[in-house]
Amino acid sequence: MKYWGDTQEVAIVHFNSNDEVGDKHKIYSDIIHPAFLKLVENIYYTYNFNKVLYDYEQIRHEAMAHLYEKLNKFDPSSGAKSFSYFGNIVKNWMIQQCNAAKKQVFVDNENVDTIIFDKSIEYYNDTEKTESDFAF
């Protein structure tokens with residue numbers, strides 16, 4: 001069974017052209033949401049994002065929120081299919097997440113909770129406090 005077909009294409013167009021909140025919710029929850037879930041899962045594993053982005057549940061949740069934010073930006077008159085459009089959005093979002101994760105430096109390999117984000121030396125020089133800064 002295909003997870004993305006004509007039904008999902010039409011549902012996205014109807015979702016964007018409908019002003020009734022109740023109708024939009026039904027369209028999203030019944031048709032679009034399951035397709036988005038499968039799309040995120042397929043891209044996550046197909047492009048091996050699981051090797052860098054370890055917490056699939058969190059990534060799936062954030063990717064779904066990102067897709068929902070971009071849902072109204074799909075323009076069917078551009079000639080693109082919604083499957084390609086949203087697939088590219090998810091893939092590009094995951095690439096950004098991977099790049100951000102790669103910038104994290106683990107201080108202690110045994111304690112991965114202790115990380116330092118990539119900051120310039122100027123940041124540390126500007127935030128250093130001297131003893132005179134604490135005088136009352």
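We did not get these values from a lab; they are worked out from the coordinates using the rules stated. Keep in mind the model is a prediction, meaning the values are calculated, not measured. All Cβ positions, glycine included, derive from the backbone under ideal geometry; neighbour counts span all protein chains shown.
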Computed from the beta carbon distance with a Förster radius of 30 Å, FRET efficiency for Ala101 and Asp23 to the nearest 0.05 stands at 0.20
For the range 1-66, listing chymotrypsin sites (Phe, Trp or Tyr not before Pro) in a DSSP loop whose Cβ sees at most 13 other Cβ atoms within 10 Å gives Tyr54
Among GluC sites (Glu not before Pro) in the range 3-48, those in a DSSP loop whose Cβ has at most 13 other Cβ atoms within 10 Å are Glu20
